[in-house]
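So the structure is just underneath, and the comments pick up after that.
The values are calculated or read from the model by the stated rules, or taken from the named source; none is laboratory data. No experiment lies behind these values; they were computed from the predicted model shown. Here the Cβ positions follow ideal geometry from the backbone for every residue, glycine too, while neighbour counts run over all protein chains shown. Ligands, DNA and RNA are excluded from the accessible area calculation, which covers all protein heavy atoms including side chains. Shrake-Rupley method; radii C 1.70, N 1.55, O 1.52, S 1.80 Å.
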Amino acid sequence: MKLARIIEFLISKRSLLAVIMLVLMAALVLADIILPPAYTRFPWEAISGFAAFFGFVACAALIFFSRFLGEWLLYRDEDYYDDHE
Amino acid sequence: MRENGILRVVARFLIPLIMLFGLYIQFHGEYSPGGGFQAGIVFAAGWILFVLIYGLDAALQVIPERAMYVLMVAGVILYCAVGIAGVVLGGHFLDFYPLLPGKHAAQQFGIITVEFGVGVTVATVVMLIFTLFARRKSEWKAAKVEDDQP
Amino acid sequence: MITSDWIHPSLVLIAGTLVVPLLKGRAMQTWMVLLPLAVLGVLWLAQPGEYGQMAFLGMELVTGRVDDLSMVFGWVFSTVLLIGAIYALHVNDQVQHVAAFLYGASALGVVFAGDLITLYVFWELMVITSVWLIWRRGSEVSFNAGFRYLVIHAVGGVVLLAGIIMFQFETGTTRFDQIDADGPAFWLILAAFMINAAVPPLHAWLTDAYPEATVTGAVFMSALTTKTAVYTLIRGYPGTEMLVWLGAFMTLYGVTFAMLSNDIRRLLSYHIVSQVGYMVAGVGLGTALALSGSASHAFTHILYKALLFMGAGAVIHMTGRSKLSELGGLYRYMPWTFVLYLVGGVSISAFPLFSGYVSKTMIVEAAAVDGRALIWLMLAVASAGTFLSTTLKLPYKTWLGEDSGLRPQEAPWNMLLAMSIAAALCFLIGIFPGLLYALLPEPVDFDAYTMSVFLKEMQLLLFTGLAFCLLLKYVGGGPKISLDVDWLYRRGGPRLISATGTAIVTADRAVRRVALGQLMRLTSHMERKHGRDGKLAKSWPIGSMALWTAIVLAMLLTFGVWR
Amino acid sequence: MTITELMPFSVLVPLIASLVCALLPGRFWPWAVTLVATITSAVIAAITLPAAAQVTLSYAFGNWPPPIGIEYRVDAANAFVALLVAGMAAVALPWAKKSVDREVPERQGAFYALFLLALSGLLGITLSGDAFNIFVFLEISSLATYGLIAHGSDRRALLASFRYLIMGTVGATFLLIGIGFLYVMTGTLNLADLAERLPEVRDTSTVRAALAFIIVGMGLKLAMLPLHLWLPNAYTYAPSFVTVFLAGTATKVALYVMLRFVFTVFAPDWSFVVLPLSTVLMILAVAGMFAGSWVAMFQPNIKRMLAYSSVAQVGYMVLGVSLVSIVGLTAAFLHLFNHALMKTALFMAVGTVIYQVGSGHLKDFRGLGRTMPWTLTAFALAGLSIIGVPLTAGFVSKWYLIQAALDQGQWFLVVLILITSLMAIVYIWRVIEAAWFQERPGNQPAAGEAPLALLIPTWVLVALNFYFGIDTRLTVGGATAAAEALLGGGMAP
């Protein structure tokens, strides 16, 4: 159960981990700004940090869109198919 | 019917004649109109008349049912045997020429034998069919089944 | 089928499987490990070429065609058979083992089939054998799901057969290369392949059936059926424009519905749809780079998806629960499963150093080289979504999150071993992509580890993670199921049929009432005329036969004689 | 003895054996004699086929030359059907012993005599080159068949037999009327001679009516769709062995007679022109395929279900005929052969279940998959052949049928064939589902595996289904030769 302890330790340090992650992310964006774009096949490839922005927006969009889709149209009770089969 | 004297006497006189006529048709079949089928029927008709007058039991004592059954089969076997004999002697099935030396004699022998087989079978089949029906009637009577036919 | 330099791996597998019912306990377990190893050995010996030609109905069958493309799939199929067999060692159900091996054998048969007839035979065999992996779960739900699976694939099989027949008629051959017919044959065969590749709206069999399969069976299923379909698409339909759009649509469809799923294996199943979407899009792009991407993505996908299914299966096996809303806080009790699952998760999300990265970026790159902006964006969204639900949402809700009060044991050693092998392979391919690229039919002119690709991918993934953390409370879920296309045949079809049925019955009743009234009048008239109560009615069956005879005769006579 | 001289003995041997059987008492000897006779006749038929495929054999009875004397005239088509009939009988007989002992315990001599009569009648029909002889043999086989069906233990067998008798007699009479018309117009009964003389007089309504009568008459015996009503009951209530035998042979011979008349006696370029035969047959065939499969899907009695499936399968054969091409006829002959294989195997499996369980109802199949695995696996495998799964014989014939339909550009027929195949999946599946996926109810007796005497012949047929699904040289070769013999190369393929 050593592994479980390691995980527990990591979880207890989660705020520190979060800071490290944020620093890492900032470094990534910075690097993207500093380094010249390798390609400009699409207009957005010239924009630094576009991928970061796009990832964030895509994730948010998926979360909200799927939730909307579910509650508007698709969600059913778990026994939905049972009473007919 | 059985107690009717006239019928009994006339039948006793007629039945042999009918049967004789049947045999006549049988054995003249190869040249003149006739043959096994007609002969068998006529012969069986004589027998049926006998049954009508004297009853089935008496008739079955003359020719038992098992004998009819065997004869029925034997007639066809005779027919086939002649046919096979033709093959064995080097001809085709039902080929009569190889049977005897002379052409005419061979044909005559073949046809008469074959027709005899046919006659026996036809006669016995008709007799058997009649027996089956007749016995069913007596069985019904024994079992007191109501006869719903008019 | 056997020559000195070629032994058909399916034949080896089938022959070996026949022994399985005779074995028990340790002997059976040893045999189960040895058999896939033997297949791997057979593949090692295989030389490119065509083998096992047979004449059949005036056509030439090629039961074994070995080239680089079929070898890629051959390798990964036999590898996953080995992993799956180890994973299933503890299962004491010979039917499942036999079904799984035969299923693997037929999948191998498909990829080595040189003609469509052989392909069709193995294609059908694949269905018949795999359905047992669903049924052996033993519940009524799984029986029904398996039955639906069977029906859909039966229909797919008929479509494929029809396509093959027309193809043969059109081109005079049944060789399986690029399908260059342009009549209905093209579309029928494509439709059949698309059913197996789970292209929406023909995908519902997958997400319906896989979550109901046995814990070990799902591992095989996740690996084989859709990937044989990808193989057939790569072989038969490279560069079909429609597939680009369908594939991109699939990736989004899969991730969206995965977000809605509560059952962990249903979530993963939707990600099969999504990932296969990348491959289908790659096939549609049709460039050498894209096709290499599709083939290698199929290769890596089989490994990490098997790993994910094994992780989810281990949880189900140990806890007996499969719903996100009923799980949580398992990290203390199943930490190894957690970590190994995460390896699969980061692989499917295409984190650098893991296998998904080296293959998925190849397809995305191919889309970029082709200048398809919209496709590129769609694939990028799907990447974000994949990371979101397989690596963030699912593990979070299963191992972390609210404690569900479950106190399971760690998974058995054989499960962990199988997962470790898969995880090691994911890692290996991620670090040394050259090993994978060397297997591909075309030389690969692509390097995943350039700074620009790396930066883009990392940004995309990490900021997705950021959004997840911030928006966690908005993530949907709960004990619900979501409708999908299968509604059409589970509820819509029956409803339609019963509605039509009611309409027909009503109409029929009305018509018959009138007709019977007339008939009764006629009958009573006849009866009055002929006396004898009911005699006419009694002889009706024979009468109707005679009537029909008279009708047909009259018809022929009218046409023939009195013209 | 040359092959030509040997050929008629495939009819004569069972005929004579039936006489012997009729006299034999007990249970063993009648069966043994029947077995020997049937195998002899099958061997003769097997020897005849290759020779007949080379050159048409002619055997004159009593050495009277053909147009006057009675002739057996055998080309590839009859030889193929004769081999089928005799072969199926020979395979079915080893199976028969146990089943007949159970279902017909008394007077087996008479029973087997009837069987041999029916067999020799069917063979006589196929081999005879004389129209009137065809009628005579048809009656011989039919009358024997009525007797066989009436042996069924269910009382409804009598009614079924009676109905079949009525309809069979109507059919035979129609054939006789047709032959009579032809005789009136040509003065000959020999088929070859008829074919020669007919062209002079064929533009008369008498000849056209003859064709119509013959088609309807044989359509009845063949159980073509609206004329099939006798078949389900007859197959259902007859003793299992009789069903096994009839399913593989009787309707096939009727189809052969129809083809012989339509193609050889009347040339196809006439008979398909003067009557809209192609259309009529196609419509009836498709209707039969659908109606048969549809009804089969809902039958609770498996024997009955298979009987309706036979109606559907007859539809496939007639469909092949209606396409009037070499490939179409080949498909018809192939299916004639393959259907005999698969349906006989299926009826054997059901008969085996009936032997063990005492009933052929679907509800009595529940849970049998576990206790009688060999029997039901045989059923399932033969079912695959009915469905037309590749590697089975059923696939081969459907393949040819579809090719024939495509040759004529009839796409929709392909669709229809595939849909009816799906329907076949449904009705076969119902049995499999009951046997393997349902529990045996507690109130039903558990049944063990059947004796080997029943299993081995069943599995031999199942194996043949797969053998002829893979090695198609014999069947396709024979069927093609038969089709070419009938079309005589006179028609464009």
Output the residues belonging to segment D:226-260 that are hydrophobic (A, V, I, L, M, F, W, C), within 14 Å of another protein chain (Cβ to nearest Cβ) and outside any helix (DSSP H, G or I). D:LEU229
Of (1) buried (at least 24 other Cβ atoms within 10 Å of the Cβ); (2) within 12 Å of chain D (Cβ to nearest Cβ); (3) out of contact with any Phe, Trp or Tyr (no Cβ under 6 Å at 6 or more places or on another chain), C:GLU170 satisfies all except one. Which? (1)
Condition met for C:LEU18 (open to solvent by 10 Å² or more (accessible area, probe 1.4 Å), more than 19 Å from C:ASP177 (Cα to Cα), assigned to a helix (DSSP H, G or I) and of a type in the set (A, V, I, L, M, F, W, C)): yes
Where D:ALA92 falls short, out of the listed (1) more than 30 Å from D:VAL55 (Cα to Cα); (2) not in a helix (DSSP H, G or I): (2)
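Give me a count of the residues in segment A:37-76 that are open to solvent by 90 Å² or more (accessible area, probe 1.4 Å) and at pLDDT 80 or above.
Narrowing segment A:37-76 to residues open to solvent by 90 Å² or more (accessible area, probe 1.4 Å): A:39-40, A:43, A:47, A:53, A:64-65, A:68, A:71-72.
Remaining after also requiring at pLDDT 80 or above: A:43, A:47, A:53, A:64-65, A:68, A:71-72.
Looking only at that region, the number is 8.
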Does any residue in segment A:57-84 that is within 7 Å of another protein chain (Cβ to nearest Cβ) come within less than 6 Å, Cβ to Cβ, of a residue that is open to solvent by 90 Å² or more (accessible area, probe 1.4 Å) six or more places away or on a different chain, and which pairs are these? A:ILE63/C:TYR474
Within segment C:97-117, the residues that are open to solvent by 10 Å² or more (accessible area, probe 1.4 Å) and hydroxyl-bearing (Ser, Thr, Tyr) are none
Positions within segment C:461-489 being open to solvent by less than 40 Å² (accessible area, probe 1.4 Å) and among the hydroxyl-bearing types (Ser, Thr, Tyr), in sequence order: C:THR464, C:SER482
Single match in D:MET185, D:MET167 (criterion: surrounded by fewer than 21 Cβ atoms within 10 Å (Cβ to Cβ) and part of a helix (DSSP H, G or I)): D:MET185
Which residue is farthest from the other protein chains (Cβ to nearest Cβ), if the candidates are limited to segment C:173-193 and must be surrounded by fewer than 21 Cβ atoms within 10 Å (Cβ to Cβ) and within 20 Å of D:LEU401 (Cβ to Cβ)? C:GLY183
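For every residue, the table says whether it meets (1) more than 14 Å from chain C (Cβ to nearest Cβ); (2) in contact with a helix residue (DSSP H, G or I) (Cβ under 6 Å, 6 or more places away or on another chain); (3) free of Cβ contacts under 8 Å to residues at least 60 places away in the same chain.
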{"site": "D:LEU175", "(1), (2), (3)": "no, yes, no"}
{"site": "D:ASP193", "(1), (2), (3)": "yes, no, no"}
{"site": "D:GLU200", "(1), (2), (3)": "yes, no, yes"}
{"site": "D:ASP203", "(1), (2), (3)": "no, no, yes"}
{"site": "D:THR206", "(1), (2), (3)": "no, yes, yes"}
{"site": "D:ALA210", "(1), (2), (3)": "no, yes, yes"}
{"site": "D:PHE213", "(1), (2), (3)": "no, yes, yes"}
{"site": "D:MET224", "(1), (2), (3)": "no, yes, no"}
Hey, B:GLY90 hits all of (1) in contact with a helix residue (DSSP H, G or I) (Cβ under 8 Å, 6 or more places away or on another chain); (2) open to solvent by 50 Å² or more (accessible area, probe 1.4 Å); (3) of a type outside the set (Val, Ile, Thr) but one; which does it fall short on? (1)
Return yes or no: is C:SER383 among the small types (Gly, Ala, Ser) and more than 14 Å from every other protein chain (Cβ to nearest Cβ)? no
If I ask for residues that are touching a Phe, Trp or Tyr at 6+ places or on another chain (Cβ under 9 Å) and either modelled with pLDDT under 90 or of a type in the set (Val, Ile, Thr) (or both), which ones from segment C:374-387 would you list? C:ILE375, C:VAL381
Consider only pairs whose beta carbons are under 7 Å apart and that are at least six residues apart or on different chains; among these, list those whose first residue lies in segment D:54-65 and is more than 7 Å from B:HIS92 (Cβ to Cβ) and whose second residue is of a type in the set (Lys, Arg) and in a strand (DSSP E or B). D:THR56/D:ARG73; D:SER58/D:ARG73
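Being open to solvent by 10 Å² or more (accessible area, probe 1.4 Å) and either within 8 Å of chain C (Cβ to nearest Cβ) or farther than 14 Å from C:PHE169 by Cβ (or both) is the filter here; which residues of segment D:408-420 pass it? Full working, then the answer.
Start the filter on segment D:408-420 by keeping residues that are open to solvent by 10 Å² or more (accessible area, probe 1.4 Å), which leaves D:408-412, D:415-416, D:418-419.
D:TRP411, D:PHE412, D:VAL415, D:LEU416, D:LEU418, D:ILE419, listed by residue number.
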Report yes if C:GLY371 is modelled with pLDDT under 90, surrounded by fewer than 24 Cβ atoms within 10 Å (Cβ to Cβ), assigned to a loop (DSSP other than H, G, I, E, B) and within 11 Å of chain A (Cβ to nearest Cβ), otherwise no. yes
Output the residue which, of all residues in segment D:145-164 that are within 14 Å of another protein chain (Cβ to nearest Cβ) and in contact (Cβ under 8 Å) with a residue 24 or more places away in the chain, is surrounded by the most Cβ atoms within 10 Å (Cβ to Cβ). D:TYR164
